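Enquirer: If you scroll down you'll find the structure; I have some questions about it.
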Amino acid sequence: MRIVFIGPPGAGKGTQSANMIRELGILHLSTGEMLRKAQQEKTRLGRLASDYINTGQLVPDPLILQLIGERLVQPDCQRGYLLDGFPRTLGQAKALDEYLHQQGTPLDVVIELVVDEAELTRRLSDRGRSDDNPEIIRQRLRSFQDQTRPLIRYYSDKGLMEAIDAIGTTEEVFQRIMQAIQRHTPTA
Ligand code: ADP
């Protein structure tokens, strides 16, 4: 099973990802986590990505495509994966499609977590990651609106989109997500 998980910062993708991979037995591939690891390890890619991450901007597509491209060819990806935070631009989505098409392994579903902006800002301010200060949060929300929102139309046109109301308890939101996944994978 191959799932793309989309949502603005603070929507709860991290929490729900953990539940989903436990339930589905697939890998969790988070480009945000991969980037923070590269930053900590001070790899070339980590250094190149740092200024973007620290100012809430998207890391340029070529760097992201290199990072995720190296990961997706690993043999463990054959059991399926949840892509969390990737793709985030139309360019990334098209590159992913091309790769999946070549492999003959299409996406099953794209899950979007929907939360209004006031609630997002409140949740992020409570969290305390180094890119969670008010000005950078605003920039990350802007990056989402400008660059990631167009993906929703792109995947809707392919019949893959499922918008999930992400206000409620963790368990309620999880149940909504699992129902949406089942609509696209009736035999699973
Ligand atoms: P959030 O969803 O809360 O913003 P992430 O951990 O997904 O957190 O991402 C943190 C930062 O990493 C982003 O603000 C961005 O700078 C960078 N990043 C992560 N994934 C991508 C991606 N697919 N394309 C470009 N930049 C990315």
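The values are calculated or read from the model by the stated rules, or taken from the named source; none is laboratory data. A quick note: this is a predicted structure, and the numbers were derived from the prediction, not measured. Cβ sites come from the backbone with ideal geometry, for glycine too, and all protein chains shown count toward neighbours. Remember, those area values only see protein heavy atoms, side chains included, never the ligands or the DNA or RNA. Shrake-Rupley method; radii C 1.70, N 1.55, O 1.52, S 1.80 Å.
Enquirer: Computing the accessible area with a 1.4 Å probe over protein heavy atoms, can you report the carbon and sulfur percentage for the chain?
Expert: Of all accessible area on the chain, carbon and sulfur atoms account for 49 percent.
Enquirer: Among Leu45, Cys77, Leu24, which residue has its Cα positioned farthest towards the positive end of the charge dipole of the chain, with +1 placed on the Cβ of Lys and Arg, -1 on the Cβ of Asp and Glu, and the dipole taken about the Cα centre?
Expert: The one lying farthest along the dipole's positive direction is Leu45.
Enquirer: Given q = 0.16 Å⁻¹, what are the Debye log10 I(q)/I(0) values for the chain, with equal point scatterers placed on the Cα positions and solvent ignored?
Expert: So the normalised log intensities work out to -1.05.
Enquirer: Which order, highest average first, do 107-120, 80-93 follow once you tally other Cβ atoms within 10 Å for each residue and take the mean per peptide?
Expert: 80-93, 107-120
Enquirer: In whole Å, largest first, what are the principal axis extents of the Cα atoms in the stretch 55-148?
Expert: For the stretch 55-148, the Cα spread along each principal axis is 42, 24, 23 Å.
Enquirer: What does the accessible area per residue of the chain come to in Å², with a 1.4 Å probe and no ligands, DNA or RNA counted?
Expert: Accessible surface, normalised per residue, equals 52 Å².
Enquirer: For the pair Asp108 and Asp146, what calculated FRET efficiency results from E = 1/(1 + (r/R0)^6), where r is the Cβ-Cβ distance and R0 = 25 Å, to the nearest 0.05?
Expert: Calculated value: 0.35.
Enquirer: Which of the three applies to the stretch 110-181, rounded, prolate or oblate, going by the alpha-carbon gyration tensor with a ≥ b ≥ c and a/c under 1.5 meaning rounded?
Expert: Verdict is oblate for the stretch 110-181.
Enquirer: Taking 35 Å as R0, compute the FRET efficiency from the Cβ-Cβ separation of Gln139 and Gln179 and round it to 0.05.
Expert: With R0 = 35 Å, the Cβ-Cβ based efficiency is 0.55.
Enquirer: Counting other C-beta atoms within 10 Å, and keeping those with at most 11, which DSSP coil GluC sites (Glu not before Pro) do you find in the stretch 1-69?
Expert: Counting only loop positions with at most 11 other Cβ atoms within 10 Å, the GluC sites (Glu not before Pro) in the stretch 1-69 are Glu41.
Enquirer: What size of dipole, in debye to the nearest 20, comes out for the stretch 84-125 about its Cα centre when the only charges are +1 on Lys and Arg C-beta atoms and -1 on Asp and Glu C-beta atoms?
Expert: 140
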